[in-house]
Every structure is written in structure tokens, then in C-alpha cells.
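Comments concern the structure below.
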Amino acid sequence: MTRLLANFLTIFAVLLAGQAAEAGPRERIGYGWLATNDIVGDLHDRWQTGSIQTSRVWGPGWTGRLPQGFGEVLELRFGGRVVAPQNLNTPAPGDRPFGGALSLGLHTHFARGAMDYAVGADVVVTGPQTGLDDFQKFLHEVLGGRNISGRVRRNQVSNDVNPELVMEAGRAFDLGGNAEIRPFVEGRWGFETLARVGFDMTIGQRGRGGLLVRDPVTGQRYVAVQGNEAPGASFVFGADTAYVDSSELLNRDRGIQLTDARTRVRTGVNWQGEGGSTIFYGLTWLGEEFEAQKESQLVGSVRLRLRF
């Protein structure tokens with residue numbers, strides 16, 4: 001399965017590179033990032049404990065709308081994620097193992113009629129080779145909190161490299177009064193294999209005429225290419241549910257049983273000043289991901305863009 005997917009992704013990358021070459025010269029048209037941590041959510045340090053994703057976008061200029069051409073707009077995406085058991089010293093039997101994951105991928109965004117699409121491929125590296133266990137230990141020593149025990153580090157998610165194909169399709173509907181709703185479907189194959197359906201709702205100007213990219217942990221979308229947003233505040237709300245077939249962070253070989261569905265509910269507020277500076281803060285409720293998980297969790301997400 002992994003080898004077949006890797007071969008498919010290689011073919012996909014070649015096709016994407018060919019389409020990008022045909023699209024002609026391009027320039028960097030945007031940059032965005034989103035950081036997530038449960039310390040700015042429910043104040044705990046467990047399960048989906050911390051992550052960051054960044055995007056750099058290139059294209060032949062930006063008109064405020066996605067192009068029709070596959071491969072015209074390219075997004076280089078980098079992410080890091082740390083998952084952990086509820087207790088970093090003596091985890092309960094059946095709790096998830098500690099795990100670090102780094103990902104690098106190439107994605108393209110385009111439109112077909114009223115629908116918009118995001119298609120791409122990532123390579124995800126896991127295990128002690130990422131150095132994220134050492135980074136987590138360093139943060140806890142500096143900022144306080146429980147240190148990771150030697151037992152937890154020895155039993156963490158093992159070293160591996162996995163491909164992942166990501167596809168999303170959605171359509172925005174104008175509700176009037178600066179409000180819109182966008183139902184979407186998403187599929188992932190490889191590192192995590194799942195099928196997801198959900199929606200995002202925006203009240204205000206956030207993201208109008210820009211390009212929004214979805215964070216894989218929370219589902220929050222962040223601005224990667226600026227649009228024509230007016231100064232002021234805007235609000236977002238969204239929810240989705242997914243059937244998860246497999247996850248390299250929750251390996252069945254360890255006796256972990258996945259839940260039948262993975263549900264997320266999120267909200268957030270974005271403020272933009274007169275000079276273009278923006279501040280975003282969001283909260284996401286994450287349902288249980290595996291049967292032994294005792295309860296849901298609440299994580300917070302932040303993004304700052306300061307202009308002086």
C-alpha cells in the first residue's frame with residue numbers, strides 16, 4: 001500500500017511540475033502560518049498537544065480569484081506536530097504513544113466553475129529522528145511542566161517516512177450581510193487515510209478575495225494570500241466529521257482502536273487594523289480519536305501578522 005501510494009505520488013509530482021512549467025513565470029504571492037497548542041485552549045498538555053503549519057504560495061500574480069489552471073498556483077507547505085499521552089511520566093494502559101511528525105509538501109489550488117479545489121502531496125517524517133521529543137523536553141524545562149519520562153520516549157512512534165495525498169473540494173455560498181458558508185469534502189491517503197465532510201462559515205471580510213489554507217489538526221483555515229479585507233473584526237465557525245481508516249500516529253499494531261468517527265468543532269475571531277496588521281485566535285473542540293481516550297480536548301490557534 002505504502003509503495004503503491006509512493007509511486008502514485010511520484011507520478012503526481014511529475015505531472016504537477018510539468019503543469020507548473022507550462023504556466024510560465026511566477027512570483028511569490030503569499031505567506032501564511034498557524035500555530036496550535038492546547039496550553040492556549042484547555043490549559044492541559046496532552047494528545048494533540050502542539051502543531052504549526054506554514055505556507056508559501058507562488059503564482060502568476062493574484063487577481064483575487066483562483067485560476068482555472070491546475071498547477072498555476074503552487075503552495076509549498078511545511079508542518080510540525082507533537083502528540084502525547086495524557087500523562088507524560090506514566091501513561092495509562094492503552095493511551096496514545098508520544099509522537100513527533102514533520103511534513104513537507106507541494107500543493108496546487110484552482111477553480112472549476114463555482115467549485116474550488118486543493119490537491120497536493122506531502123512527505124511525513126516521524127519518530128526520534130525528527131528531534132521533536134528533545135524539543136518538547138527543552139520547552140518543558142524552560143517554561144515548566146512535566147518532563148517526558150525515559151519510558152515514554154523509548155515507546156514513542158517509531159522512525160518512518162510516509163507519503164500522503166491530500167484533496168479538498170468546496171463551494172462558497174453568499175448568505176448576504178458579509179456572511180458566507182462553504183461546505184467541503186476532504187480525503188487523505190497515506191500517513192493518515194480518512195474521508196471528511198464539513199463546512200466553514202465566515203461573518204465579516206476575512207479571506208474575501210484571498211486564499212485560505214486548512215490546518216490538518218484543527219481544520220482552522222488561515223490566510224496564505226491576502227485578499228481585499230477591510231479593517232475590523234470578522235468571525236469564523238465550522239465543523240466537520242471524518243471516518244478514519246488508519247493513522248501512523250495511532251498504529252493498530254500497538255493495540256490502539258480508532259474511534260468510528262473523528263469530529264471537530266471550531267470558532268475564531270480575526271482582527272485587521274488600518275495598516276494591514278492582523279491577529280487571529282481560534283478555539284477548536286477535538287472529539288476522541290481512539291477508544292481509550294477518556295474525553296475530548298480543546299486547543300487554541302493563533303496567527304499574527306504585524307506591519308509597522
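Observations on the structure shown:
- Which listed residue, of PRO60, PRO93, is under 18 Å from LEU249 (Cα atoms), surrounded by fewer than 21 Cβ atoms within 10 Å (Cβ to Cβ) and not aromatic (Phe, Trp, Tyr): PRO93
- Among the residues of segment 219-243, those identified as surrounded by 16 or more Cβ atoms within 10 Å (Cβ to Cβ), small (Gly, Ala, Ser) and without any contact (Cβ under 8 Å) to a residue 60 or more places away in the chain are SER234, GLY238, ALA239, ALA242.
- Output for segment 166-179, where each listed residue is surrounded by fewer than 17 Cβ atoms within 10 Å (Cβ to Cβ) and not in a loop (DSSP other than H, G, I, E, B): MET167, ALA169, PHE173, ASP174, ALA179
- The sole residue among SER277, SER246 that is polar (S, T, N, Q), surrounded by 15 or more Cβ atoms within 10 Å (Cβ to Cβ) and touching a residue at least 12 places away in the same chain (Cβ under 8 Å) is SER246.
- Test: VAL265 is under 29 Å from LEU76 (Cβ atoms) and either outside any strand (DSSP E or B) or among the aliphatic types (A, V, I, L, M) (or both): no
- You will find that of GLY24, GLY30, the residue that is among the small types (Gly, Ala, Ser), over 25 Å from LEU249 (Cα atoms), modelled with pLDDT under 85 and not in a helix (DSSP H, G or I) is GLY24 and no other.
- Per the listing PRO67, PRO91, the residue uniquely more than 24 Å from SER301 (Cα to Cα), touching a Pro at 6+ places or on another chain (Cβ under 6 Å) and in a loop (DSSP other than H, G, I, E, B) is PRO91.
- Residue satisfying all of: in segment 222-239; part of a loop (DSSP other than H, G, I, E, B) and touching a strand residue (DSSP E or B) at 6+ places or on another chain (Cβ under 7 Å); modelled with the highest pLDDT among these: GLN226
- The residues of segment 289-308 that are surrounded by 15 or more Cβ atoms within 10 Å (Cβ to Cβ) and either of a type in the set (Phe, Trp, Tyr) or closer than 21 Å to GLY268 by Cα (or both), listed by number, are PHE290, SER296, GLN297, LEU298, VAL299, GLY300, SER301, VAL302, ARG303, ARG305.
- Filter result for the condition that a residue is among the aliphatic types (A, V, I, L, M) and part of a loop (DSSP other than H, G, I, E, B), over VAL217, VAL161: VAL217
The values are calculated or read from the model by the stated rules, or taken from the named source; none is laboratory data. Please read all numbers here as calculations on a predicted model, not as lab measurements. Neighbour counts are summed over all protein chains in view; Cβ atoms, including those assigned to glycine, are modelled from backbone coordinates with ideal geometry.
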